[in-house]
Amino acid sequence: AWSISAEWHAYLLFPFLVMPWQGRSLRVVGAVLLLCVATVGVLAMTADGNVGTIYYGPAVLLRVLPEFIAGMGIYRVYQNGLLRNRLSGDAALAIAATAVIALALFNGTDVAVIAALAVVLLACAHNQGIASRVLTHRVPMYLGRISYSLYMVQTVAAEAALRIVHP
């Protein structure tokens, strides 16, 4: 619930956040992306290396806004096609996904995982190989359409599953 409300606030701010992006160069977009990563990094350091522990209070907006703004910047990078040639193959996606998994194995790597996930997202969006055919198959497409509704009730589903497994 905390993330849905935090995202709701970010969506309310979206019109004010998107206006400064109009006509900005990719250098400015890159600088803003670095600033977002630095902000999340500082938050991670103040949260003992785990940004995921920030659930309430004003720090939630400090957590969600840099990631939200970075998402807007990543879209600009995608829209511009800046990394299309480098990320369109299956190997690029496999390397990026492997980096996410490897980084996630270590404590204090939240910021690096978030950055690597951005590369995975771009690699998925630009992919023209086997991964594209798999991801655009009807089953993953259906799961993507229903995922938000599941996201909203995941805690309820997880609790129910735990009670079934461990009565």
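How large is the convex hull of the Cα atoms of region 1-132 per residue, expressed in Å³ as a whole number?
114
Can you sort C124, C36 by solvent-accessible area, 1.4 Å probe, largest first?
Result of the area sort, largest leading: C124, C36.
For region 115-165, what is the accessible area per residue in Å², given a 1.4 Å probe and the full set of protein chains?
Numbers: 3840 Å² over 51 residues.
I get 75 Å² per residue for region 115-165.
Under a point-charge model restricted to the Cβ atoms of Lys and Arg (+1) and Asp and Glu (-1), what is the dipole moment magnitude of the chain relative to its Cα centre, in debye to the nearest 20?
Charge dipole of the chain: 540 debye, to the nearest 20.
Assuming a ≥ b ≥ c are the square roots of the Cα gyration tensor eigenvalues, decide whether region 1-40 counts as rounded (a/c under 1.5), prolate (otherwise, with a/b larger than b/c) or oblate.
oblate
Dipole of region 20-167 (Lys/Arg Cβ +1, Asp/Glu Cβ -1, origin at the Cα centre): which of G108, I164, Q128 lies farthest to the positive side?
Toward the positive end, the furthest listed residue is Q128.
How big is the gap, in Å, between the Cα center of region 71-100 and the Cα center of region 1-39?
Rounded to whole Å, the Cα centres lie 19 Å apart.
The values are calculated or read from the model by the stated rules, or taken from the named source; none is laboratory data. Keep in mind it's a predicted model, so treat the numbers as computed, not measured. Backbone-built Cβ (ideal geometry, glycine too); neighbour counts: all protein chains shown. Surface accessibility is based on the protein's heavy atoms, side chains included, excluding ligands, DNA and RNA. Shrake-Rupley method; radii C 1.70, N 1.55, O 1.52, S 1.80 Å.
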